[in-house]
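Peer 1: There's a structure below that I have some questions on.
Nothing in this text is a laboratory measurement; each read-out follows from the coordinates by a stated rule. Computed from a predicted structure; not experimentally measured. Cβ: placed from backbone, ideal geometry, glycine included. Neighbour counts: every protein chain shown.
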Amino acid sequence: MEVKFYDTVNDELLKFAVIISQSNGKWVFCKHKERDTYEVPGGHREAGENIFETAKRELQEETGAIKFEIKPICVYSVTGKTRVNDTGEETFGLLCFAEITEFAKELHSEMEKVVLMDELPENWTYPLIQPKLIEKYLQVKIIL
């Protein structure tokens, strides 16, 4: 499994958006109904959708965020087979950061719950990918 970072790539290559999120100084993670692990909010781009709109939509769907500020960080890619990539080809996504100031009272998605954490989780849904995305965010957050 290899994760790489880019300043930019052709827009049509961007298939995913992942949003590293915090609220009141705590990390925001989602727990899917079918898994016992935690993940950063994110998901697939829909046909005809602007990738930044994908990021906003996925953040709202998966965390219930109502009020938030979101910024793009960079483009990332993952090469290797994953739960959502059975070919192992290099796939590209937009990495964003969001500060969430208000959440909806309940979720209407595949997520069972949203958890606010002081520390990063140990049981990741994508342990070879998501910690690297957070590390990248921590490297660039001074400039954001």
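Peer 1: Going by a ≥ b ≥ c, the root eigenvalues of the Cα gyration tensor, does the chain fall in the rounded group (a/c under 1.5), the prolate group (a/b larger than b/c) or the oblate group? If you can, show how the numbers build up before the last one.
Peer 2: Values: a/c = 1.34, a/b = 1.27, b/c = 1.06.
Rounded, since a/c falls under 1.5.
Peer 1: Let me ask you something else. Note down the net charge around residue 79, summing +1 for each Lys or Arg and -1 for each Asp or Glu among other residues with Cβ under 9 Å from its Cβ.
Peer 2: On the way: positive: 4; negative: 2, 89, 90.
That sum, taken over residues with Cβ under 9 Å, equals -2.
Peer 1: With 10 angstrom as the radius, rank 44, 108 by how many other C-beta atoms surround their C-beta, starting from the fewest.
Peer 2: Details: 44 12, 108 9.
The most exposed by this proxy come first: 108, 44.
Peer 1: With respect to the cross-link table entries 26/141; 31/105; 56/136; 15/141; 71/136; 15/81, which display a Cα-Cα separation exceeding 18 Å? Don't skip to the end; give the middle numbers.
Peer 2: Numbers: 26/141 15 Å; 31/105 16 Å; 56/136 20 Å; 15/141 24 Å; 71/136 14 Å; 15/81 15 Å.
Too far apart for the 18 Å limit: 56/136; 15/141.
Peer 1: With a sphere of radius 12 Å drawn around the Cβ of residue 18, what net charge do the other residues whose Cβ falls strictly inside it have (Lys, Arg +1; Asp, Glu -1)?
Peer 2: Values: positive: 15, 45, 132, 136; negative: 39, 58, 62.
In short, +1.
Peer 1: Can I ask one more? Summing +1 for each Lys or Arg and -1 for each Asp or Glu, what net charge is found among the other residues whose Cβ lies under 11 Å from the Cβ of residue 108?
Peer 2: On the way: positive: 105; negative: 61, 62, 106, 110.
Overall, the nearby charge balance is -3.
Peer 1: Mind sorting 8, 54 by how few other Cβ atoms lie within 10 Å of their own Cβ, fewest first? Could you put the intermediate results ahead of the total?
Peer 2: On the way: 8 11, 54 23.
With the sparsest Cβ surroundings first, the list reads 8, 54.
Peer 1: Nearest 10 degrees is fine. How inclined is helix 51-63 to the longest principal axis of the chain, computing both from alpha carbons?
Peer 2: 40 degrees
Peer 1: Another one. Within the stretch 42-72, what residues put their amide N at less than 19 Å from the label point 7 Å along the Cα-to-Cβ vector of residue 1?
Peer 2: 42-44
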